[in-house]
Amino acid sequence: MFNLNKKINEWKKSLHKNPSFEEGYIEELESHLRDLIEEKIKEGKSTKESFEFAVGKIGKVNDIGEEYFKSDTTNKISGRPSWKSPRWMPDLIWNYFKVAVRNIKKYKSISLTNIFGLSIGIASVLLISMLVIYEMSFDQFHENKSRIFRVYTETHRPEGEFVMACVMFPFAPAAEEEIPEIEHAVRFCESSQLVANGDKKFYEKLIYTDENIFNVFSFPLKYGDKEKALSQKNTVVISEKIAEKYFGNENPVGKTLLFLNKDNYKVAGVFYDLPHNSSIEAEILASIKSLYTPEFPRLENWTSFSNDYTFLLLKKGSSAKAVEEKFELLIKKNVEPELADRYVMKMQNINEIHFSDLNYEFVRTIPPLYIYIFMAVASFILFIACINFINLSTARSARRGKEVGIRKVAGASRFQLVKQFLSESFIITIISLFVSLIITYYLLPEINSLLRSNLSFSLFYNVDFVLIIIALVFVTSIAAGLYPAFVLSNAKPVSVMKGDNQKNNKGYYLRAVLIVFQFALSVFLIISTITIYNQAEFLTKHNPGFNDEQMLVVPIYDPQLNQRSEALKNALLSDNNILNVTFSSGTPASGSTSTSNFVSEGKNEDEEIHMQILEIDYDFIKTYGLQVLEGREFLKEFSADEKESYLINETAAKKFGFELPIGKKIKLGDEQFQTIVGVIKDFNYSSLREEISPTVFKLNTSNARFLSLQINTAETERVVEFVKENVAAFSPNYPVEYYFMNERFENYYKAERTIGKLLSAFSIIAVIISCIGILGLVSFVAEQKSKEIGIRKVLGASVGSILLLIGKQFIKWIAVSNIIVWPLAHMFLNKWLNNFAYRVDINYLVFAGTLAGSILLAFITMGYHTFKAAYSNPVNSLRTE
Amino acid sequence: MISKNLAAASTKPMILAILRGGENYGYQIIQRVKEISGGDVEWADGMLYPVLHKLEKDGFVSTRWIISDEGRRRKYYKITAAGKEELNTEIKQWMSVHKVFEKLWEPIPAYQQ
C-alpha cells in the first residue's frame, strides 16, 4: 500500500540533507508538492503516480538548493556554497606533507617495513629496466641500422629443419650483383690465428671481411682510409686495443703482423674499440681477398657451410620482403636442382640480432626469455612490497579513524582525505626511491660482472629511463596507496567518536587474498629457483658418457706437428702422471664440429643422412674411456682400418636403421664404401641442451687439431708445465694453450648458473619482504586481540592455544597459497626444462619442502609477537579500561 | 516552449506582473503562467521559489503565511511599491526589445503566423 505521507516525509528528508534549504523553504515546497498531487488525483491519477509526477515537476533538489544558495549568499566572487570545499587549497599541501611526515615518524616500524620493501622492489625494477634499456640499445649506434640486415639459412633436410646463422660463402657477392635493392653485401668469416709482431705472439680471433664493411657499419677509423683499408689482399684493420697490444702507442699503419708464422699482413688502419653494446665483436678485420687461394674450398661452393656470415645494406626505400623473395631465385640459379629446395635464405634486421636464437651464432646474443623472466620477477617483488603497504595501512585504519573523523567534522571531503593519504604513500615512495637508488648504485658492479653488461648511472641522461622512474614512482604510490586511502577515508565521524570503529575488521578478506597472493608469488619463485638450480647442477654433474675429469686438452695450430705426433706422444707418455694421449680432429666441448652426408649400401643417393665426422687416432677411445658396445675399436693390427673401416655411435646406428651394424657398409659423399667395425656407446659431444648427434669415427692420424691427455690430477700443475714444455719443443713457433675438459663443459651452463644466482637472490628478497609483511600484520593482530588474549588467559587458556589463535589464520593462508601455486609452477618449470635434451624431473619434494619451509618461516616470523602476546600479563591489557 | 535562458530572464517580470493582479502563492502563480501562455512557458516548479525568495530579499514582494481551508500553511506573496517600480522598469525594457523585433520582423511574412 502506497503511504503518501511517508513518501512526502522521505522527500523532505532529502531536502534537509542539502544545507541550502531552511525550514520555511521546505514547508513552502511541501505545500506546492501537495497542491500538485491533489490536482493530479482530481484528474483521476493514482496516489503513487501523482506523487511521482509532482516530485518530477518540482525538479532536482540540488539544482533548487543551488538557486536558493545564490539568492541567499553574500559571497558574489566564487559563487561556491560554503559547505563545498574549494578546489585549490595550497595551504593544505604543506599540511598533508607535515601530517605524512608525522605519521611516518609515529608508526616507525610500519613505515620502515614499507620503505624497506618498496626500496627493494623499486631497486629491482630499476635494475631490470636498466638492463632492458641496455640490451635494447645493442647495435643502435649504426647510422644505417634500419637498412642493415643479416642473412641466415633455414635448411630443410629429410631429418628435420635447422636454422643457422651461417650462409654459404659465395652468396654475398652473387646477391650484391644480382639483386638491385642491395647496396652492399658484407661477409664475416670467423677464424682463429696465431698473430705475431716480433716476440709478441698470441692466438687471436680474426674476422675476414669485405672492404665495404665501413660503409655499412658505423665502425669509425682512428687511422687509415675507410674506402681503401681492406681493398688489398693481406691487409688488416685492427682495433685500438690490438694496436696497443702489438705496437704500443705508435701508429701501426704501414707496419706488418705475421700470421701463422708465415703470412705477412699489412696494417691498413685502426678502428676505435667497438662500443660495449655492439653485438658484433671484432678485434682484427682482415681483407677477405686474402682467402681467395686455389686451395680455399668454399670459394665457389654453394652447399658448404662454415663460420661464414653475411650482412646486407639495402638501398633506401627498398623492401626487405622483396629482397627475401629474390633470394629464392638466386639459390635456384646456383644450387644443384635436387638440393635447391633445402635452403631458404631469410633476413633479420640488425635490431633483432641481439635477441635472436640461431644455431652457430656469431654475434653476442641474449635469450629474450631471460629478460622476460627478470621483468616478471622484478614486478613480483614490487607487487609484494605494495601488498605489504596495503595490508599494513588498512590494518591500522582503526587507529587513524579518530583523525579521519575530526577532519570530516571540520569539513574535509572524502576526496580530500584520499588525497591526503595518497600524499603519504607518495612520500614513502619517494623516500624508497632514494634508498633504492643507493641500493642500485652498490649493486651495479655486481650485476655487471655477473651479466657481462655495462650498466651505469649515465642512463639518467636517457629520457626513457627518467620517464620510467617517474612513472614508477606514480604507479607505485597509487598502487600501494589508493585502496588504503579509500578504506581509511571511509571512517564515519559519528561512529568513530562513539568508539565503534575500534573493532573495525574491514578488509580482512582482502588482506587474506593479498597475503595468499604474496606468498604464492614467493613460493613460485622459491620452487622455480630450486628447480633451476637443480637443473644447472644436473647439467654440470651429468656424466657425459666419457671421462671428463682428468682431461687436459691442447689445441694444435701447427700443421707440421701432425707428422711428429707419434714422437710427441712418446715424449708425453714418459711422464707417469700422463696416462693416455690422443690426437683428434675434434673433442667434446671444443665447439669444433664437422658434418657430412652418408649413404648406407643399397640405399639411393637421395636417402643420405647428415652425420658428424670425428677423425681420431688409435688411442682416442681408450683416452676418453668410451665404451665399445659391439665390434672393436680401430686397431693397429688391422692395417686397412684407415681406408676401409668406420666406427659409429649408437645414435648413428639408429639413424641408419641398422639392427646389426657390424659389417654394414656406408660411404661419405663420393668416397668408397667402408665397413662399420664397431659401435660406440653414445656420449655428449656438446651441451646437454642438444641431443647427441649421429657420429661417424674415421681413422686419420694426419688431420689432428686437438691433443687430449688423460692425466693423473695429483700433480696437475707440474704435469701442465711438462706438457707445455714438450709441445713447445715440438712446435717452437706456436704458443701453447690448454684447457681442462670439465671447465669447458661447465662454461656451457654459465647462463643457467647466472640465472640461478640472480633468481635465488631475488627469491630470498621476495621471501624476506613477505615475511616482514606478515610480521607487521601479526604485531597488529596481537595488539588488536590483546584484550581477548587477556581474558582468555584469565579464564585459563594455555600459551599454546593462544599461539594457535593468532597463528592459525596465517598458516592457513600460507598453505592455501602454496597449493594454488603448485600447478602454475609445475607448468612453467616443465616448459623451461623442455628446452634441454637432458633434464631433471620435477621433484615434488621441492614443492612439499617449500610448503613446510614457508610455514616454518611464518612461525618463526610470528614467533616474537605471538610469544610476547601469549606470555604478557593479562593485567596489563585488561586494566586500561 | 521557450528556451531556458529566456525563461530565466522573463521569470521576474512575469511574477511581478501576476502579483500586480493581487496577492498569490507559488502554486497559483505557476498555474497562471501556464494558463496565459497556453503551456508554452513552463518552469521547473521548484525553481520558482528561489526567485520569489530573491524578490523578497530585494524588497519587491512582501510575504505572509496563511492557513488555508484544508488547514495547510501557504506563503502568500504581495507586490510592494518598490516591486511595482521595478516592474515598470522591466516593462520598459521588454517593450523596447519588443519594438526592435517588431520593426525587424514585420516585412518577413514567414515569421508571422
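The values are calculated or read from the model by the stated rules, or taken from the named source; none is laboratory data. What you see is a predicted model, and the numbers here were worked out from it, not measured in a lab. Glycine gets a Cβ as well: all are built from the backbone with ideal geometry, and neighbour counts include every protein chain shown.
When the residues of region A:669-697 are narrowed to those that are at pLDDT below 85 and farther than 30 Å from A:LYS750 by Cα, which ends up nearest to the chain's Cα centre (by Cα)?
A:GLY669
Residues are listed down the side, and each one gets a yes or a no for (1) among the aliphatic types (A, V, I, L, M); (2) under 11 Å from the mean Cα position of the chain (by Cα); (3) buried (at least 20 other Cβ atoms within 10 Å of the Cβ):
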position	(1), (2), (3)
B:ALA8	yes, yes, no
B:ILE30	yes, yes, yes
B:GLU35	no, no, no
B:LEU48	yes, yes, yes
B:GLU56	no, no, no
B:ILE79	yes, no, yes
B:THR89	no, no, no
B:PHE101	no, no, no
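Kindly indicate whether any position in region A:529-536 is more than 30 Å from A:LEU829 (Cβ to Cβ) and either touching a residue at least 24 places away in the same chain (Cβ under 8 Å) or outside the structural domain of A:VAL781 (by TED's automatic domain parsing) (or both).
No, the conditions are met nowhere in region A:529-536.
Hey, among A:GLY807, A:GLY776, A:GLY853, A:GLY790, which residue is in contact (Cβ under 8 Å) with a residue 40 or more places away in the chain and either in contact with a Pro (Cβ under 7 Å, 6 or more places away or on another chain) or acidic (Asp, Glu) (or both)?
Within the list A:GLY807, A:GLY776, A:GLY853, A:GLY790, the selection yields A:GLY790.
Is there a residue being buried (at least 22 other Cβ atoms within 10 Å of the Cβ), closer than 30 Å to A:LYS664 by Cα, modelled with pLDDT of 90 or more and assigned by TED's automatic domain parsing to the domain that holds A:VAL677 anywhere in region A:595-602?
Within region A:595-602 (the criterion being buried (at least 22 other Cβ atoms within 10 Å of the Cβ), closer than 30 Å to A:LYS664 by Cα, modelled with pLDDT of 90 or more and assigned by TED's automatic domain parsing to the domain that holds A:VAL677), the answer is no, since none of the residues qualifies.
Restricting to region A:622-658, and then to whatever is assigned to a helix (DSSP H, G or I) and acidic (Asp, Glu), can you tell me which residue is surrounded by the most Cβ atoms within 10 Å (Cβ to Cβ)?
Filtering region A:622-658 for residues that are assigned to a helix (DSSP H, G or I) and acidic (Asp, Glu), the one surrounded by the most Cβ atoms within 10 Å (Cβ to Cβ) comes out as A:ASP641.
Filter region A:5-21 down to residues that are within 14 Å of chain B (Cβ to nearest Cβ) and touching a residue at least 12 places away in the same chain (Cβ under 8 Å), then give me how many there are.
8
Please specify each residue of region A:538-564 satisfying the condition of being acidic (Asp, Glu) and farther than 22 Å from A:TYR203 by Cα.
Answer for region A:538-564, where residues must be acidic (Asp, Glu) and farther than 22 Å from A:TYR203 by Cα: A:ASP548, A:GLU549.
I'd like the residue in region A:108-144 that is within 30 Å of A:ARG396 (Cα to Cα) and without any contact (Cβ under 8 Å) to a residue 60 or more places away in the chain and, out of all such residues, is surrounded by the fewest Cβ atoms within 10 Å (Cβ to Cβ).
Per the criteria, the residue is A:LYS108.
I'm checking my understanding of the structure. Among residues of region A:531-580 that are more than 21 Å from A:SER687 (Cα to Cα) and β-branched (Val, Ile, Thr), which one is farthest from the chain's Cα centre (by Cα)?
Among those residues, the one meeting the criterion is A:ILE578.
Identify the residue in region A:133-187 that is of a type in the set (Ser, Thr, Tyr) and outside any strand (DSSP E or B) and, among all such residues, is nearest to A:GLU605 (Cα to Cα).
A:SER146
Only residues that are closer than 19 Å to A:GLY773 by Cβ and of a type in the set (Ser, Thr, Tyr): list them for region A:859-881, please.
A:THR861, A:TYR864, A:THR866
So A:SER760 passes all but one of these: (1) over 20 Å from the mean Cα position of the chain (by Cα); (2) at negative phi. Which condition number does it fail?
Among (1) over 20 Å from the mean Cα position of the chain (by Cα); (2) at negative phi, A:SER760 violates only (1).
Any residue in region B:87-113 that is closer than 24 Å to B:ALA8 by Cα sitting within a Cβ distance under 6 Å of a residue that is modelled with pLDDT of 85 or more? List the pairs, counting only those 6 or more apart or interchain.
Close Cβ pairs (under 6 Å, with a partner that is modelled with pLDDT of 85 or more) amount to B:LEU87/B:LEU16; B:GLU90/B:PRO13.
Can you name every residue in region A:31-47 that is in a helix (DSSP H, G or I) and more than 9 Å from every other protein chain (Cβ to nearest Cβ)?
Those that are in a helix (DSSP H, G or I) and more than 9 Å from every other protein chain (Cβ to nearest Cβ): A:ILE37, A:LYS40, A:ILE41, A:LYS42, A:THR47.
Out of A:LYS60, A:LYS6, A:LYS45, I need the residue that is basic (Lys, Arg) and either exposed (fewer than 12 other Cβ atoms within 10 Å of the Cβ) or touching a Lys or Arg at 6+ places or on another chain (Cβ under 9 Å) (or both). Which one?
Only one candidate qualifies: A:LYS6.
Tell me the residue from A:SER379, A:SER393 that is outside any loop (DSSP other than H, G, I, E, B), within 16 Å of the chain's Cα centre (by Cα) and more than 30 Å from A:ILE148 (Cα to Cα), please.
On inspection, the qualifying residue turns out to be A:SER379.
For region A:55-74, which positions are outside any helix (DSSP H, G or I) and more than 9 Å from every other protein chain (Cβ to nearest Cβ)?
Those that are outside any helix (DSSP H, G or I) and more than 9 Å from every other protein chain (Cβ to nearest Cβ): A:THR73, A:THR74.
State all residues of region A:595-619 that are over 30 Å from A:PRO158 (Cβ atoms) and either among the charged types (D, E, K, R) or not in a loop (DSSP other than H, G, I, E, B) (or both); if no residue qualifies, say none.
Within region A:595-619, A:ASP617, A:ASP619 meet the criteria.
Each row is one residue, and each column tells you yes or no for (1) at pLDDT 85 or above; (2) closer than 30 Å to A:HIS865 by Cβ; (3) within 12 Å of another protein chain (Cβ to nearest Cβ); (4) part of a helix (DSSP H, G or I).
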{"site": "A:GLU49", "(1), (2), (3), (4)": "yes, no, no, yes"}
{"site": "A:PHE53", "(1), (2), (3), (4)": "yes, no, yes, yes"}
{"site": "A:SER78", "(1), (2), (3), (4)": "no, no, no, no"}
{"site": "A:LEU118", "(1), (2), (3), (4)": "yes, yes, no, yes"}
{"site": "A:SER124", "(1), (2), (3), (4)": "yes, yes, no, yes"}
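Which of the helices (runs of 4 or more DSSP H) found entirely inside region B:1-102 contain at least 2 residues meeting this: more than 13 Å from chain A (Cβ to nearest Cβ)?
Qualifying helices (runs of 4 or more DSSP H): B:4-20, B:26-37.
Can you name the residue in region A:406-432 that is at pLDDT 85 or above and of a type in the set (Gly, Ala, Ser) and, of all such residues, is surrounded by the fewest Cβ atoms within 10 Å (Cβ to Cβ)?
By that ranking, first place goes to A:SER423.
Which strands (runs of 3 or more DSSP E) sit wholly inside region A:253-347 and have at least 1 residues that are under 30 Å from A:PRO732 (Cα atoms)?
Correct list: A:256-259, A:263-271, A:284-287.
For a quick check of your reading of the model, give me the residue pairs whose first member lies in region A:571-591 and is closer than 26 Å to A:THR695 by Cα and in the same structural domain as A:ILE621 (by TED's automatic domain parsing), whose second is of a type in the set (D, E, K, R) and part of a strand (DSSP E or B), with beta-carbon atoms closer than 6 Å and at least 6 apart or on different chains.
A:SER585/A:GLU615
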